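So the structure is just underneath, and the comments pick up after that.
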Amino acid sequence: MTYPTQPTASHFIGGRYVEDTDGTPIDVIYPATGAVIGKVHSATPAIIEQALASARGAQAAWAAMTGTERGRILRRAADIMRERNHELSVLETYDTGKPYQETSVVDATSGADALEYFGGMAATLTGEHIQLGEDWIYTRREALGVCVGIGAWNYPTQIASWKGAPALACGNTMVFKPSETTPLCALKVAEILHEAGAPAGVYNVIQGLGDVGAALVSHPDVDKVSLTGSVPTGRKVYAAAAAGIKHVTMELGGKSPMIVFEDAEIENAVSGAILGNFYSSGQVCSNGTRVFVHTDIKEAFLTRLSERLATAVIGDPQDPETSFGPMVSARQMEIVQSYIAKGVAEGARLVYGGKRLDRDGYYLEPTVFADVTDDMTIAREEIFGPVMAVLDFEDEADVMARANDTEFGLAAGVFTRDLSRAHRVAAGFEAGTCYINTYNDAPVEAPFGGSKQSGVGRENSKAAIHHYSQLKSVYVRMGDVEAPF
Ligand code: NDP
(Lines give C-alpha, C1' and ligand atoms only; values in the text may rest on other atoms or scores of the structure.)
Protein backbone atom coordinates (compact mmCIF):
# COMPACT_ATOMS: atom_id res chain seq x y z
CA MET A 1 0.00 0.00 0.00
CA THR A 2 1.21 3.49 -0.65
CA TYR A 3 0.20 6.53 1.25
CA PRO A 4 1.04 10.17 0.84
CA THR A 5 3.75 12.09 2.61
CA GLN A 6 5.46 8.91 3.71
CA PRO A 7 8.45 9.78 5.91
CA THR A 8 11.62 8.68 4.17
CA ALA A 9 13.51 7.25 7.17
CA SER A 10 12.97 6.26 10.80
CA HIS A 11 14.42 9.27 12.60
CA PHE A 12 14.66 13.02 12.07
CA ILE A 13 17.85 14.40 13.64
CA GLY A 14 19.78 17.58 13.03
CA GLY A 15 17.39 18.80 10.36
CA ARG A 16 17.35 15.67 8.20
CA TYR A 17 16.06 12.13 7.98
CA VAL A 18 18.44 9.56 9.45
CA GLU A 19 18.37 5.78 9.22
CA ASP A 20 20.18 3.13 11.21
CA THR A 21 19.07 -0.33 10.16
CA ASP A 22 20.91 -1.89 13.10
CA GLY A 23 17.90 -0.89 15.21
CA THR A 24 15.13 -3.42 15.83
CA PRO A 25 12.61 -3.23 12.95
CA ILE A 26 9.14 -1.99 13.88
CA ASP A 27 6.27 -2.75 11.50
CA VAL A 28 3.83 0.06 10.79
CA ILE A 29 0.40 -1.57 10.69
CA TYR A 30 -2.74 -0.01 9.24
CA PRO A 31 -5.38 -0.78 11.86
CA ALA A 32 -8.23 -0.88 9.35
CA THR A 33 -6.76 -3.86 7.50
CA GLY A 34 -3.97 -5.27 9.62
CA ALA A 35 -1.63 -4.80 6.64
CA VAL A 36 1.98 -3.78 7.15
CA ILE A 37 2.30 -0.43 5.39
CA GLY A 38 5.81 0.52 6.40
CA LYS A 39 8.75 -0.21 8.60
CA VAL A 40 10.87 1.90 10.90
CA HIS A 41 13.85 0.96 13.04
CA SER A 42 14.12 1.48 16.74
CA ALA A 43 16.84 3.92 17.77
CA THR A 44 20.18 2.34 18.56
CA PRO A 45 22.29 3.81 21.39
CA ALA A 46 24.24 5.68 18.70
CA ILE A 47 21.03 7.27 17.37
CA ILE A 48 19.94 8.25 20.89
CA GLU A 49 23.30 9.94 21.48
CA GLN A 50 23.18 11.62 18.07
CA ALA A 51 19.70 13.04 18.73
CA LEU A 52 20.54 14.34 22.19
CA ALA A 53 23.85 15.82 21.01
CA SER A 54 22.01 17.49 18.15
CA ALA A 55 19.41 18.97 20.52
CA ARG A 56 22.08 20.10 22.99
CA GLY A 57 24.18 21.62 20.25
CA ALA A 58 21.28 23.66 18.89
CA GLN A 59 19.84 24.84 22.20
CA ALA A 60 21.96 27.88 23.12
CA ALA A 61 21.62 29.53 19.71
CA TRP A 62 17.88 28.80 19.60
CA ALA A 63 17.38 30.33 23.05
CA ALA A 64 19.48 33.33 22.05
CA MET A 65 17.08 34.20 19.23
CA THR A 66 14.40 36.72 20.12
CA GLY A 67 10.99 35.41 21.01
CA THR A 68 9.63 37.13 17.93
CA GLU A 69 12.03 35.19 15.72
CA ARG A 70 11.25 31.86 17.35
CA GLY A 71 7.55 32.61 17.29
CA ARG A 72 7.63 33.48 13.60
CA ILE A 73 9.04 30.03 12.83
CA LEU A 74 6.39 28.31 14.92
CA ARG A 75 3.61 30.29 13.29
CA ARG A 76 5.02 29.51 9.85
CA ALA A 77 4.98 25.83 10.81
CA ALA A 78 1.33 26.23 11.83
CA ASP A 79 0.53 27.65 8.40
CA ILE A 80 2.29 24.79 6.61
CA MET A 81 0.45 22.29 8.77
CA ARG A 82 -2.90 23.82 7.87
CA GLU A 83 -2.03 23.95 4.17
CA ARG A 84 -1.17 20.24 4.30
CA ASN A 85 -4.07 19.28 6.51
CA HIS A 86 -5.48 16.81 4.01
CA GLU A 87 -2.33 14.78 3.50
CA LEU A 88 -1.42 14.92 7.21
CA SER A 89 -4.92 13.73 8.09
CA VAL A 90 -4.67 10.82 5.65
CA LEU A 91 -1.34 9.88 7.23
CA GLU A 92 -2.78 10.20 10.74
CA THR A 93 -5.58 7.87 9.69
CA TYR A 94 -3.06 5.31 8.39
CA ASP A 95 -1.03 5.64 11.60
CA THR A 96 -3.95 5.34 14.05
CA GLY A 97 -6.98 4.03 12.14
CA LYS A 98 -9.06 7.00 13.33
CA PRO A 99 -11.63 8.09 10.72
CA TYR A 100 -10.59 10.83 8.31
CA GLN A 101 -13.83 12.52 9.38
CA GLU A 102 -12.07 13.07 12.73
CA THR A 103 -8.43 13.45 11.74
CA SER A 104 -9.24 16.14 9.16
CA VAL A 105 -10.69 18.41 11.86
CA VAL A 106 -8.78 17.46 15.01
CA ASP A 107 -5.20 16.30 14.62
CA ALA A 108 -3.05 18.48 12.38
CA THR A 109 -5.48 21.32 13.09
CA SER A 110 -4.96 21.14 16.86
CA GLY A 111 -1.23 20.74 16.30
CA ALA A 112 -1.32 23.91 14.19
CA ASP A 113 -3.34 25.66 16.91
CA ALA A 114 -0.59 24.88 19.44
CA LEU A 115 2.17 26.08 17.10
CA GLU A 116 0.23 29.28 16.40
CA TYR A 117 -0.70 29.91 20.04
CA PHE A 118 2.78 29.37 21.49
CA GLY A 119 4.34 31.03 18.46
CA GLY A 120 2.30 34.11 19.31
CA MET A 121 3.25 33.88 22.94
CA ALA A 122 7.01 33.46 22.42
CA ALA A 123 7.62 37.18 22.10
CA THR A 124 5.60 37.98 25.21
CA LEU A 125 7.64 35.87 27.64
CA THR A 126 9.27 38.11 30.18
CA GLY A 127 10.58 38.21 33.69
CA GLU A 128 9.68 40.94 36.17
CA HIS A 129 11.27 43.82 37.99
CA ILE A 130 11.07 43.85 41.79
CA GLN A 131 12.06 47.08 43.53
CA LEU A 132 13.62 46.72 47.03
CA GLY A 133 14.21 50.28 48.22
CA GLU A 134 17.09 51.51 46.09
CA ASP A 135 18.13 48.00 45.21
CA TRP A 136 16.24 45.81 42.85
CA ILE A 137 15.84 42.37 41.49
CA TYR A 138 14.91 41.28 38.05
CA THR A 139 13.89 37.84 36.95
CA ARG A 140 14.75 36.20 33.68
CA ARG A 141 12.46 33.53 32.25
CA GLU A 142 14.92 31.04 30.83
CA ALA A 143 14.69 27.80 28.91
CA LEU A 144 15.19 24.51 30.72
CA GLY A 145 17.51 23.12 28.04
CA VAL A 146 16.90 19.81 26.27
CA CYS A 147 13.37 18.43 26.64
CA VAL A 148 12.32 14.88 25.92
CA GLY A 149 8.76 14.24 24.77
CA ILE A 150 7.30 10.74 24.84
CA GLY A 151 3.95 10.15 23.20
CA ALA A 152 1.02 7.76 23.38
CA TRP A 153 -0.47 6.35 20.17
CA ASN A 154 -3.89 7.95 20.14
CA TYR A 155 -3.03 11.48 18.94
CA PRO A 156 0.49 11.28 17.44
CA THR A 157 0.47 14.61 15.57
CA GLN A 158 -1.25 16.47 18.37
CA ILE A 159 0.98 15.13 21.14
CA ALA A 160 4.16 15.86 19.16
CA SER A 161 2.91 19.43 18.62
CA TRP A 162 1.46 20.04 22.09
CA LYS A 163 4.83 19.20 23.63
CA GLY A 164 7.01 20.75 20.94
CA ALA A 165 5.29 24.12 20.57
CA PRO A 166 5.61 25.39 24.17
CA ALA A 167 9.04 23.80 24.57
CA LEU A 168 10.39 25.57 21.50
CA ALA A 169 8.62 28.85 22.27
CA CYS A 170 10.53 28.98 25.56
CA GLY A 171 13.89 28.38 23.86
CA ASN A 172 14.28 24.68 24.59
CA THR A 173 15.13 22.04 22.05
CA MET A 174 13.39 18.66 21.91
CA VAL A 175 13.88 15.00 21.24
CA PHE A 176 10.48 13.39 20.74
CA LYS A 177 9.81 9.65 20.83
CA PRO A 178 6.42 8.62 19.47
CA SER A 179 4.72 5.40 20.48
CA GLU A 180 6.06 2.52 18.46
CA THR A 181 2.45 1.79 17.45
CA THR A 182 2.16 5.12 15.59
CA PRO A 183 5.64 6.17 14.47
CA LEU A 184 4.87 8.22 11.35
CA CYS A 185 3.15 11.49 12.22
CA ALA A 186 5.73 13.01 14.57
CA LEU A 187 8.28 12.78 11.75
CA LYS A 188 6.07 15.09 9.69
CA VAL A 189 5.91 17.57 12.58
CA ALA A 190 9.73 17.61 12.64
CA GLU A 191 9.89 17.98 8.87
CA ILE A 192 7.43 20.89 8.88
CA LEU A 193 9.20 22.72 11.72
CA HIS A 194 12.46 22.40 9.83
CA GLU A 195 10.86 23.63 6.61
CA ALA A 196 9.42 26.58 8.55
CA GLY A 197 12.93 27.60 9.56
CA ALA A 198 13.68 25.82 12.82
CA PRO A 199 17.45 25.38 12.86
CA ALA A 200 18.87 21.86 12.62
CA GLY A 201 18.65 20.06 15.96
CA VAL A 202 15.88 22.15 17.47
CA TYR A 203 13.23 19.41 17.07
CA ASN A 204 14.28 15.81 16.63
CA VAL A 205 12.29 12.59 16.45
CA ILE A 206 13.59 9.12 17.18
CA GLN A 207 11.71 5.83 17.14
CA GLY A 208 11.66 3.07 19.69
CA LEU A 209 9.82 1.09 22.29
CA GLY A 210 9.79 1.76 26.00
CA ASP A 211 13.50 1.00 26.32
CA VAL A 212 14.37 3.95 24.08
CA GLY A 213 12.06 6.15 26.14
CA ALA A 214 13.71 4.90 29.31
CA ALA A 215 17.20 5.61 27.93
CA LEU A 216 16.15 9.15 27.07
CA VAL A 217 14.56 9.80 30.46
CA SER A 218 17.61 8.65 32.41
CA HIS A 219 20.14 10.39 30.18
CA PRO A 220 22.15 13.01 32.10
CA ASP A 221 21.94 15.49 29.25
CA VAL A 222 18.14 15.79 29.48
CA ASP A 223 16.59 18.59 31.54
CA LYS A 224 12.87 17.89 31.23
CA VAL A 225 10.62 14.97 30.41
CA SER A 226 7.04 15.26 29.21
CA LEU A 227 5.14 11.99 28.94
CA THR A 228 1.70 11.23 27.59
CA GLY A 229 0.91 7.66 28.52
CA SER A 230 -0.61 5.32 31.04
CA VAL A 231 -0.32 5.63 34.83
CA PRO A 232 2.00 2.58 35.16
CA THR A 233 4.40 4.05 32.57
CA GLY A 234 4.07 7.42 34.27
CA ARG A 235 5.22 5.95 37.58
CA LYS A 236 8.34 4.52 35.93
CA VAL A 237 9.16 7.65 33.96
CA TYR A 238 8.53 9.96 36.93
CA ALA A 239 10.83 7.85 39.12
CA ALA A 240 13.58 7.79 36.50
CA ALA A 241 13.29 11.55 35.99
CA ALA A 242 13.38 12.10 39.76
CA ALA A 243 16.71 10.29 39.98
CA GLY A 244 18.17 13.03 37.80
CA ILE A 245 16.06 15.84 39.43
CA LYS A 246 14.58 16.59 36.01
CA HIS A 247 11.48 18.67 35.39
CA VAL A 248 8.44 16.61 34.43
CA THR A 249 5.01 16.88 32.88
CA MET A 250 2.91 13.73 33.19
CA GLU A 251 -0.27 13.45 31.09
CA LEU A 252 -1.62 10.09 32.18
CA GLY A 253 -4.76 8.02 32.08
CA GLY A 254 -8.21 8.39 33.57
CA LYS A 255 -11.54 6.82 34.45
CA SER A 256 -13.50 10.00 34.36
CA PRO A 257 -17.09 10.43 35.56
CA MET A 258 -19.91 12.09 33.66
CA ILE A 259 -23.03 12.85 35.70
CA VAL A 260 -26.37 13.27 33.96
CA PHE A 261 -28.98 14.77 36.29
CA GLU A 262 -32.71 14.26 35.87
CA ASP A 263 -33.17 17.81 34.53
CA ALA A 264 -30.52 17.41 31.82
CA GLU A 265 -31.34 18.05 28.19
CA ILE A 266 -31.21 14.40 27.16
CA GLU A 267 -30.18 14.89 23.56
CA ASN A 268 -27.15 16.95 24.62
CA ALA A 269 -26.28 14.51 27.38
CA VAL A 270 -26.36 11.65 24.87
CA SER A 271 -24.14 13.71 22.53
CA GLY A 272 -21.71 14.32 25.39
CA ALA A 273 -21.67 10.64 26.27
CA ILE A 274 -21.01 9.72 22.63
CA LEU A 275 -18.18 12.25 22.36
CA GLY A 276 -16.80 11.10 25.71
CA ASN A 277 -16.84 7.38 24.91
CA PHE A 278 -16.79 6.66 21.21
CA TYR A 279 -14.77 9.41 19.53
CA SER A 280 -11.48 7.90 18.30
CA SER A 281 -13.08 4.52 19.07
CA GLY A 282 -12.90 5.41 22.74
CA GLN A 283 -9.12 5.82 22.76
CA VAL A 284 -9.09 9.19 24.51
CA CYS A 285 -7.50 9.74 27.92
CA SER A 286 -10.11 12.20 29.19
CA ASN A 287 -13.11 10.06 28.24
CA GLY A 288 -16.07 10.09 30.60
CA THR A 289 -16.39 6.34 30.79
CA ARG A 290 -18.39 6.17 34.02
CA VAL A 291 -21.70 7.70 33.03
CA PHE A 292 -23.86 8.21 36.10
CA VAL A 293 -27.46 8.67 34.95
CA HIS A 294 -30.29 9.63 37.31
CA THR A 295 -32.72 6.72 37.59
CA ASP A 296 -35.67 8.95 36.52
CA ILE A 297 -34.22 9.32 33.02
CA LYS A 298 -32.04 6.25 32.73
CA GLU A 299 -34.21 4.24 30.34
CA ALA A 300 -34.93 7.28 28.14
CA PHE A 301 -31.20 8.00 28.04
CA LEU A 302 -30.32 4.39 27.11
CA THR A 303 -33.01 4.22 24.44
CA ARG A 304 -31.89 7.42 22.76
CA LEU A 305 -28.22 6.42 23.07
CA SER A 306 -28.87 3.09 21.35
CA GLU A 307 -30.83 4.81 18.56
CA ARG A 308 -27.97 7.24 17.97
CA LEU A 309 -25.28 4.54 18.07
CA ALA A 310 -27.17 2.62 15.39
CA THR A 311 -26.49 5.53 13.03
CA ALA A 312 -22.71 5.30 13.44
CA VAL A 313 -21.03 4.62 10.10
CA ILE A 314 -18.45 1.92 10.74
CA GLY A 315 -16.09 1.19 7.90
CA ASP A 316 -13.09 2.31 5.90
CA PRO A 317 -11.61 5.15 7.96
CA GLN A 318 -10.31 6.92 4.86
CA ASP A 319 -13.92 7.30 3.64
CA PRO A 320 -15.13 10.73 4.84
CA GLU A 321 -18.56 9.22 5.57
CA THR A 322 -17.11 6.81 8.15
CA SER A 323 -17.65 8.02 11.70
CA PHE A 324 -16.31 5.07 13.69
CA GLY A 325 -13.06 3.26 12.97
CA PRO A 326 -10.98 0.37 14.28
CA MET A 327 -8.91 0.06 17.43
CA VAL A 328 -5.28 1.08 16.98
CA SER A 329 -3.84 -2.43 17.22
CA ALA A 330 -4.71 -6.09 17.65
CA ARG A 331 -3.30 -5.90 21.17
CA GLN A 332 -5.49 -2.97 22.18
CA MET A 333 -8.52 -4.68 20.65
CA GLU A 334 -7.82 -7.82 22.69
CA ILE A 335 -7.43 -5.78 25.88
CA VAL A 336 -10.80 -4.16 25.26
CA GLN A 337 -12.43 -7.49 24.41
CA SER A 338 -11.21 -8.89 27.73
CA TYR A 339 -12.85 -5.95 29.54
CA ILE A 340 -16.11 -6.56 27.68
CA ALA A 341 -15.97 -10.21 28.79
CA LYS A 342 -15.37 -9.08 32.39
CA GLY A 343 -18.34 -6.73 32.21
CA VAL A 344 -20.60 -9.62 31.18
CA ALA A 345 -19.06 -12.01 33.72
CA GLU A 346 -19.47 -9.53 36.58
CA GLY A 347 -23.16 -9.05 35.82
CA ALA A 348 -23.42 -5.76 33.95
CA ARG A 349 -26.28 -5.57 31.42
CA LEU A 350 -24.99 -5.39 27.83
CA VAL A 351 -27.24 -2.83 26.17
CA TYR A 352 -25.42 -2.28 22.91
CA GLY A 353 -22.60 -3.83 20.87
CA GLY A 354 -19.99 -5.98 22.55
CA LYS A 355 -18.67 -7.86 19.54
CA ARG A 356 -15.75 -7.75 17.14
CA LEU A 357 -16.85 -7.00 13.59
CA ASP A 358 -16.53 -9.72 10.97
CA ARG A 359 -14.11 -7.88 8.72
CA ASP A 360 -10.37 -7.24 8.39
CA GLY A 361 -8.80 -4.87 10.86
CA TYR A 362 -9.34 -4.32 14.55
CA TYR A 363 -12.98 -3.28 14.66
CA LEU A 364 -15.11 -3.52 17.79
CA GLU A 365 -18.70 -2.39 18.06
CA PRO A 366 -19.45 0.64 20.19
CA THR A 367 -20.41 -1.01 23.46
CA VAL A 368 -22.70 0.11 26.30
CA PHE A 369 -23.20 -1.59 29.64
CA ALA A 370 -25.99 -0.55 32.01
CA ASP A 371 -26.65 -1.48 35.66
CA VAL A 372 -22.92 -1.17 36.29
CA THR A 373 -21.91 -0.97 39.94
CA ASP A 374 -18.95 0.89 41.41
CA ASP A 375 -17.01 -2.24 42.28
CA MET A 376 -17.08 -3.80 38.79
CA THR A 377 -13.79 -3.94 36.90
CA ILE A 378 -15.24 -1.96 33.98
CA ALA A 379 -16.10 0.85 36.41
CA ARG A 380 -12.68 0.96 38.02
CA GLU A 381 -10.02 0.39 35.37
CA GLU A 382 -9.17 2.46 32.32
CA ILE A 383 -10.27 0.40 29.29
CA PHE A 384 -9.15 2.81 26.53
CA GLY A 385 -11.70 1.55 24.04
CA PRO A 386 -15.34 2.06 23.01
CA VAL A 387 -16.93 0.75 26.20
CA MET A 388 -19.34 2.92 28.18
CA ALA A 389 -20.41 1.99 31.69
CA VAL A 390 -23.77 3.45 32.77
CA LEU A 391 -24.32 3.60 36.52
CA ASP A 392 -27.50 4.59 38.38
CA PHE A 393 -27.82 7.32 41.00
CA GLU A 394 -30.51 9.30 42.81
CA ASP A 395 -28.77 11.68 45.17
CA GLU A 396 -26.25 14.45 44.38
CA ALA A 397 -24.03 14.02 47.44
CA ASP A 398 -23.93 10.28 46.92
CA VAL A 399 -23.03 10.50 43.26
CA MET A 400 -20.30 13.06 43.93
CA ALA A 401 -18.65 10.76 46.46
CA ARG A 402 -18.84 7.88 44.00
CA ALA A 403 -17.58 10.01 41.08
CA ASN A 404 -14.51 11.01 43.09
CA ASP A 405 -13.86 7.52 44.46
CA THR A 406 -11.06 6.74 42.01
CA GLU A 407 -7.29 7.01 41.93
CA PHE A 408 -7.61 8.98 38.68
CA GLY A 409 -8.44 12.68 38.32
CA LEU A 410 -8.12 13.65 34.69
CA ALA A 411 -11.56 14.92 33.69
CA ALA A 412 -15.21 15.02 34.79
CA GLY A 413 -18.48 16.28 33.36
CA VAL A 414 -21.97 17.24 34.45
CA PHE A 415 -25.18 17.66 32.47
CA THR A 416 -27.90 19.67 34.20
CA ARG A 417 -30.05 22.73 33.57
CA ASP A 418 -29.57 23.86 37.20
CA LEU A 419 -26.90 26.59 37.12
CA SER A 420 -26.03 26.45 40.81
CA ARG A 421 -25.79 22.69 40.82
CA ALA A 422 -23.59 22.71 37.72
CA HIS A 423 -20.97 24.94 39.36
CA ARG A 424 -21.27 23.21 42.74
CA VAL A 425 -20.61 19.86 41.09
CA ALA A 426 -17.72 21.23 38.98
CA ALA A 427 -16.14 22.65 42.14
CA GLY A 428 -16.55 19.32 43.89
CA PHE A 429 -14.97 17.19 41.17
CA GLU A 430 -11.45 15.97 41.93
CA ALA A 431 -10.26 16.39 38.35
CA GLY A 432 -8.04 18.68 36.31
CA THR A 433 -10.49 19.35 33.48
CA CYS A 434 -14.24 19.66 34.05
CA TYR A 435 -17.12 20.13 31.64
CA ILE A 436 -20.58 21.61 32.15
CA ASN A 437 -23.12 20.55 29.51
CA THR A 438 -20.37 19.50 27.10
CA TYR A 439 -17.59 16.94 27.03
CA ASN A 440 -14.02 16.46 25.73
CA ASP A 441 -13.30 19.90 24.31
CA ALA A 442 -9.55 20.59 24.48
CA PRO A 443 -8.79 24.04 23.03
CA VAL A 444 -5.19 25.20 23.22
CA GLU A 445 -6.28 28.26 25.23
CA ALA A 446 -7.26 26.15 28.27
CA PRO A 447 -4.92 24.31 30.66
CA PHE A 448 -5.17 20.56 30.18
CA GLY A 449 -3.99 17.92 32.63
CA GLY A 450 -4.86 15.70 35.53
CA SER A 451 -4.93 15.65 39.28
CA LYS A 452 -4.38 12.65 41.57
CA GLN A 453 -2.75 9.76 39.65
CA SER A 454 -3.70 11.27 36.28
CA GLY A 455 -0.79 13.59 36.06
CA VAL A 456 1.55 16.35 37.03
CA GLY A 457 1.69 19.72 35.31
CA ARG A 458 -0.47 21.18 32.57
CA GLU A 459 -0.27 21.31 28.81
CA ASN A 460 -1.66 24.09 26.61
CA SER A 461 -2.54 27.64 27.68
CA LYS A 462 -0.28 30.10 29.47
CA ALA A 463 0.20 27.46 32.17
CA ALA A 464 2.38 25.33 29.89
CA ILE A 465 4.98 28.09 29.81
CA HIS A 466 5.67 27.52 33.50
CA HIS A 467 6.42 23.88 32.78
CA TYR A 468 8.89 24.60 29.98
CA SER A 469 10.83 27.48 31.52
CA GLN A 470 12.47 28.44 34.78
CA LEU A 471 12.98 31.73 36.55
CA LYS A 472 16.36 33.15 37.43
CA SER A 473 16.48 35.95 40.01
CA VAL A 474 19.19 38.58 39.60
CA TYR A 475 19.88 40.80 42.66
CA VAL A 476 21.28 44.26 41.98
CA ARG A 477 22.81 46.27 44.84
CA MET A 478 23.03 50.00 44.12
CA GLY A 479 25.02 50.96 47.24
CA ASP A 480 27.91 49.51 49.22
CA VAL A 481 27.94 45.92 50.40
CA GLU A 482 27.83 45.49 54.20
CA ALA A 483 29.69 42.52 55.60
CA PRO A 484 30.10 41.43 59.28
CA PHE A 485 33.88 41.50 59.14
P1 NDP B 1 1.98 3.70 27.42
O2 NDP B 1 2.08 4.20 28.79
O3 NDP B 1 2.04 2.25 27.17
O4 NDP B 1 3.15 4.33 26.52
C5 NDP B 1 3.33 5.73 26.42
C6 NDP B 1 4.70 6.01 25.84
O7 NDP B 1 5.71 5.71 26.80
C8 NDP B 1 5.04 5.18 24.61
O9 NDP B 1 5.78 5.96 23.70
C10 NDP B 1 5.88 4.07 25.19
O11 NDP B 1 6.69 3.48 24.23
C12 NDP B 1 6.66 4.83 26.23
N13 NDP B 1 7.23 4.02 27.31
C14 NDP B 1 6.79 2.83 27.78
N15 NDP B 1 7.56 2.43 28.84
C16 NDP B 1 8.48 3.42 29.05
C17 NDP B 1 9.54 3.61 30.00
N18 NDP B 1 9.82 2.72 30.96
N19 NDP B 1 10.26 4.75 29.92
C20 NDP B 1 10.00 5.69 28.98
N21 NDP B 1 9.02 5.56 28.05
C22 NDP B 1 8.26 4.44 28.08
O23 NDP B 1 0.67 4.34 26.83
P24 NDP B 1 -0.08 4.03 25.46
O25 NDP B 1 0.81 4.38 24.33
O26 NDP B 1 -0.64 2.66 25.54
O27 NDP B 1 -1.24 5.11 25.50
C28 NDP B 1 -2.41 4.93 26.23
C29 NDP B 1 -2.33 5.62 27.58
O30 NDP B 1 -2.00 6.98 27.42
C31 NDP B 1 -3.65 5.59 28.31
O32 NDP B 1 -3.47 5.29 29.67
C33 NDP B 1 -4.16 7.01 28.18
O34 NDP B 1 -5.05 7.38 29.15
C35 NDP B 1 -2.90 7.78 28.18
N36 NDP B 1 -3.09 9.08 27.54
C37 NDP B 1 -3.10 10.21 28.31
C38 NDP B 1 -3.36 11.44 27.75
C39 NDP B 1 -3.34 12.69 28.57
O40 NDP B 1 -3.17 13.75 28.01
N41 NDP B 1 -3.53 12.64 29.86
C42 NDP B 1 -3.65 11.56 26.32
C43 NDP B 1 -3.57 10.32 25.60
C44 NDP B 1 -3.31 9.13 26.21
P45 NDP B 1 6.12 2.24 23.36
O46 NDP B 1 4.71 2.51 23.02
O47 NDP B 1 6.94 2.22 22.17
O48 NDP B 1 6.27 1.05 24.25
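The values are calculated or read from the model by the stated rules, or taken from the named source; none is laboratory data. The model shown is predicted, which means the values in this text are computed figures rather than measured ones. FYI the Cβ positions are ideal-geometry reconstructions off the backbone, even for glycines, and counts take in every protein chain you see. Please note that ligands, DNA and RNA were not included when accessible areas were found on the heavy atoms of the full protein model with its side chains. Shrake-Rupley method; radii C 1.70, N 1.55, O 1.52, S 1.80 Å.
Farthest towards the positive end of the charge dipole of the chain, among the residues PHE278, GLY23, ALA300, is the Cα of GLY23, using unit charges on the Cβ of Lys, Arg, Asp and Glu.
Relative contact order for the chain: what is it in percent, counting Cα pairs under 8 Å that are at least 6 residues apart? Before the final figure, lay out the partial values.
Working: 1154 pairs, mean separation 87.2, N = 485.
After rounding, I find 18 percent.
Coupling constants for the stretch 129-145 follow from the phi torsions by the Karplus curve (6.51 cos²θ - 1.76 cosθ + 1.60, θ = phi - 60°), and in residue order they are 10, 10, 7, 10, x, 7, 7, 7, 10, 10, 10, 10, 8, 10, 5, 7, x Hz; glycine and proline get x.
Relative to the longest principal axis of the Cα atoms of the chain, helix 231-243 runs at roughly 20 degrees.
Would you calculate, for the chain, the mean residue ellipticity at 222 nm contributed by helices, counting each DSSP H stretch of 4 or more residues as -39,500 (n - 2.57) and dividing by all residues, to the nearest 500?
Only helices count here, giving -12000 deg cm²/dmol.
With contacts taken as Cα pairs under 8 Å at a separation of at least 6 residues, the stretch 404-485 carries a relative contact order of 26 percent. Distance from the C-alpha centroid of the stretch 87-103 to that of the stretch 380-456: 28 Å, rounded to the whole angstrom. Around the Cα centre of the stretch 109-254, unit charges on the Cβ atoms of Lys, Arg, Asp and Glu (plus for the first two, minus for the last two) sum to a dipole of about 420 debye. Cα centroids of the stretch 189-263 and the stretch 309-361: 28 Å apart.
Calculate how steeply helix 45-64 sits against the longest principal axis of the alpha-carbon atoms of the chain, using the helix alpha-carbon long axis, and give the answer as 0 to 90 degrees to the nearest 10. In the chain, helix 45-64 runs at an angle near 60 degrees to the longest axis. Here the dipole of the chain is about 1000 debye; that uses its Cα centre as origin and unit charges on the Cβ of Lys and Arg (positive) and Asp and Glu (negative). Heavy-atom accessible area, probed at 1.4 angstrom with all protein chains present, ranks GLU334, GLU394 as GLU394, GLU334, highest first. The residues of the stretch 168-313 expose, per residue, 29 Å² of accessible area to a 1.4 Å probe.
Counting DSSP beta bridges with both partners in the chain, what percentage is antiparallel, nearest 5? Please report the intermediate quantities before stating the final value.
Values: 28 of 65 bridges.
In the chain, DSSP labels about 45 percent of beta bridges as antiparallel.
Place the peptides 357-364, 49-56 in order of packing, highest mean first, counting for every residue the other Cβ atoms within 10 Å and averaging per peptide.
Most protected by this proxy first, the peptides run 49-56, 357-364.
Residues with amide H under 5 Å of VAL248's amide H, sequence separation 5 or more or different chain, H placed in the peptide plane at 1.01 Å from N; which? Counting only residues 5 or more places away or on other chains, the set is VAL225.
If packing is taken as the mean number of other Cβ atoms within 10 Å per residue, what is the order of 175-185, 154-164, 397-407, highest first? Provide the component values of the computation, followed by the final result.
On the way: 175-185: 26.3, 154-164: 28.5, 397-407: 16.5.
Output ranking for 175-185, 154-164, 397-407: 154-164, 175-185, 397-407.
The alpha carbon centroids of the stretch 1-68 and the stretch 129-143 are separated by 41 Å.
Hey, if you put +1 on the Cβ of every Lys and Arg and -1 on every Asp and Glu Cβ in the stretch 184-245, which of GLY213, ALA242, SER226 ends up farthest toward the positive end of that dipole? It is ALA242.
Sequence-distant contacts, meaning Cα pairs under 8 Å at least 6 residues apart, place the relative contact order of the stretch 234-387 at 23 percent. Dipole check for the stretch 262-304: with +1 at the C-beta of Lys and Arg, -1 at the C-beta of Asp and Glu, and the Cα centre as origin, the magnitude is about 280 Debye.
Specify whether the C-alpha gyration tensor of the chain places it in the rounded, prolate or oblate class, a ≥ b ≥ c being the square roots of the eigenvalues: rounded for a/c under 1.5, otherwise prolate if a/b is larger than b/c and oblate if not. Kindly include the intermediate steps, with their values, before the conclusion.
Numbers: a/c = 2.06, a/b = 1.34, b/c = 1.53.
Because a/c hits 1.5 or more and a/b fails to exceed b/c, the chain counts as oblate.
Packing order of peptides 133-139, 30-36, highest average first: 30-36, 133-139 (average count of other Cβ atoms within 10 Å over each peptide's residues).
Using the Cβ of ASN85 as centre and a radius below 13 Å, the other residues enclosed give a net charge of -4, where K and R count +1 and D and E count -1. MET478 sits with roughly 120 Å² accessible to a 1.4 Å probe, with DNA, RNA and ligands left out of the calculation.
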